[in-house]
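Q: First the structure, which I've put down as structure tokens, then a few questions once you've had a look.
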Amino acid sequence: MTLPVKVLGRPLALPAWVLSAAIALTLIVAMGSAGEMAASREKQKQITAIQSTIELQRLGLSGVIARFQHVPFTVAQYPEVAALLHNTKDKALTQKLNAHLQEVNERVGSEALYLMDTTGLTLASSNWSEPYTFVGDNYSYRLYFKDAMERREVGPKSAAEDGSGLYYAVGSSTGVPGLFISTPVREDGRTIGVLAIKVSLQEIEMAWRRAGEPISLVDQHGVIFLSSMEPWLYTATHPLSPVEQRFIDENNQFGKDKRIEPAPWKVLPVAGESSYETVANLDGKARHFLTLSEPLNQSPWSLVVMTDLSPVANARRLAWALTGLVGAVLLLIAKIWQLRERRYAEQRNASQELERQVHMRTQELRESHAFRKAMGDSLLVGLRASALDGTIIFVNPAMCDMSGFSADELIGSKPPHPYWHPDDLEKHWKDSRAVLNGEAAMTGFESRIRHSAGHDVHTMVYTAPLIDADGKHNGWISSVVNITEQKKAEELQRLQTAKMQRAGRLASMGEMASTLAHELSQPLMAMVSFAGAARAYTETGNQELTLETLGEINGQALRAADIVRRIRGFVQQQTPGFQDCTVNEVVSNVIALLRPEIRHQRATVVTRLSLFPPVIQADRILLEQVVLNLIVNALQSMPDKTPVENIVEVETGEIDNRVFIRVSDRGPGIADDLAQQLFEPFFTTKPEGLGLGLNICRTTVESHRGRLVYENRPGGGAIFSVYLPLEPLKP
């Protein structure tokens, strides 16, 4: 069979096999070109993804180094460090520095913090009390010790700029690997010792392992010392030279006599590209990876990230299949060329029907899109959709209004996003990683963002997976709620509570005003009497009695000043905040302040204070107000008692990891019908009371994470108990 083809305007008959062969040859060339183009595009996507991963991990590692690199330099400035280096036999000074290093180590969250002299001998360490303590060990062979001794400049900046003082090794005492950061201890321009800190990178390594893809950290010799693939640890990316192996052995970097074998992979470099292909044996199977290596900022190390190359091969095969399909269609067209005219009418009708269906489907899609857009635009809650790598792919108008940025400015941006608050970047990165890893709490999390106009916006973010029509997880959808006004309301509530607390203090002081005036009148009258006597002794020339009388006047003035000082300190609106104190100090200060009231009530306060009260963190002024209100209430509950019966008992102690202050009286107790209203605001049984005392007391105790409870005392009276936790308040 021949087919007519026009050449220079004249018909030319060609055999069908010639045309088919031409189409087949064209198809083969097209398939090869399309496959390589698709593979190249997919490979470039993977390189971009690897670069993002490297940047993210680089920031994480740099953050860890930056977090701890200042600690040795700061601790080296303490006077005890230089003092111990000058007097290494001083056991008391050694113990004091051990305790201080232990406290700093626990506070910063490092593995160990220790001091060495110029010979490398460890004099003091944070793990001084543990079986594997560093004290007494000599680390002069460690590279971080040598770097610190040879460093000309001192300070955290020099160590961070050139990477000196950074050293990763397996601990010779503990067998636990870690990052060592060192700094020299200088005095008068000379080095007298070395301070070093050991930091664990296990959390970063575990996070890498959860990521699935191979991620490794390689030192300057090519040794893998941190990796998501455990079998690759302490192998080298290339065969080590005898010099490099000897260097590792001399520094005992990875354990005694540890031989570094080549990593179980084969590198296939690609000419003209920064990336390269790697063939690794995992779980008994050979897998091809696309690999990229980048140096880590401010260190001699490199990050090596790999990703599976199978998507590249899949893209190539898909392009071949599509191109083959197109070629098959062309061949089919060649076969049915003669039938084209006969079937033209039928095809035209089919085309019209297809266009009608396409038009209907397009209209349905438009209406569906318009409906979803109208719903998103009408919401007052911000909506933000992001891809699996954190790239924003959708925002609604509420989100734009909340951040001050337009949709064009937000869509397509990757972390860090333009609305991230510059003071909360570390928290934003942490929240972003949690969202991308599917670890965001279902109950949401708070996030402070910076509006483009410059003001802060407080938000609550709730995140859920974004699932497509095929059930595939392809991103995340977040609801962002503006809680700025709620934050303002909470702050207003806090100020109102502070005002109520001050009102309670003023009310308590008002009840004692007359008694305090009487108490002040005594030293003032005594001062007047002593002044008259001093004048008389002066006229008679009795100098000894004059000086003695002046001393009495001074004592009475100090007594009056002490009373005024206690009153002013108690009525102050601004409190010093949380500080170290004991419940015994609080009780003693309140009883000293209430001595005039106790005498006025003809009462006796019996105290049973703990012999060894633990130190707690509390607002001492507010806690004193609570105890004062409870003791005053106890004194006023026994107006008809005789002085023998008018007894208030105050007890302190410790129970169930809590300290307590217990105030009991011998009054009528609390009636059952009043028990439910006892702590309500403005409820009082006193004719002239405000009804704020117990309510403020309970609010104050709860702000200290404690409890205020009461019970009736057997034999008559009431017992009020304040329970406070021993654990310090977290910032």
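Bear in mind these aren't lab numbers, they're just calculated from the coordinates by the rules spelled out. Computed from a prediction, not measured in an experiment: that's the story for all the values here. Here the Cβ positions follow ideal geometry from the backbone for every residue, glycine too, while neighbour counts run over all protein chains shown.
Q: Note down the net charge around L97, summing +1 for each Lys or Arg and -1 for each Asp or Glu among other residues with Cβ under 10 Å from its Cβ. List each step's numbers first, then the result.
A: Values: positive: K96; negative: E80, D90.
Around L97, the charge tally is -1.
Q: Tell me which of I260, H100, F247 sits at the most positive position along the dipole axis of the range 49-308, charges placed on C-beta atoms (Lys, Arg +1; Asp, Glu -1).
A: After comparing all options, I get H100.
Q: Sticking with this structure for a sec: For the range 379-482, take the alpha-carbon Rg, divide it by the Kirkwood Rh, and send me Rg/Rh.
A: 0.93
Q: So, one more: What does the charge add up to near S140, with Lys and Arg as +1, Asp and Glu as -1, over the other residues with Cβ less than 14 Å from its Cβ?
A: -3
Q: Considering only Cα-Cα distances, which of the following residue pairs are longer than 29 Å: K427/K487; K427/K488; K266/K472?
A: Among K427/K487; K427/K488; K266/K472, the Cα-Cα distance tops 29 Å for K266/K472.
Q: Using the count of nearby Cβ atoms within 10 Å as a rough guide to exposure, how do M442, M206, M402, M116 rank from fewest to most?
A: In increasing order of surrounding Cβ atoms, one gets M442, M206, M402, M116.
Q: Would you mind counting up the charge near L282? Only other residues with Cβ under 12 Å from its Cβ, with Lys and Arg at +1 and Asp and Glu at -1.
A: Here the count lands on -2.
Q: Sticking with this structure for a sec: Report, please, the projected area of the range 572-666 averaged over directions, based on the convex hull of its C-alpha atoms, in nm².
A: Working: hull surface 26.2 nm².
Averaged projected area of the range 572-666's Cα convex hull equals 6.5 nm².
Q: Under the rule of at least 5 residues apart or a separate chain, name every residue whose amide H is placed under 5 Å from the amide H of G193.
A: HN-HN under 5 Å from G193: V185.
Q: Further question on the same structure: Could you please rank R666, R246, placing first whichever residue has the fewest other Cβ atoms within 10 Å of its Cβ?
A: R246, R666
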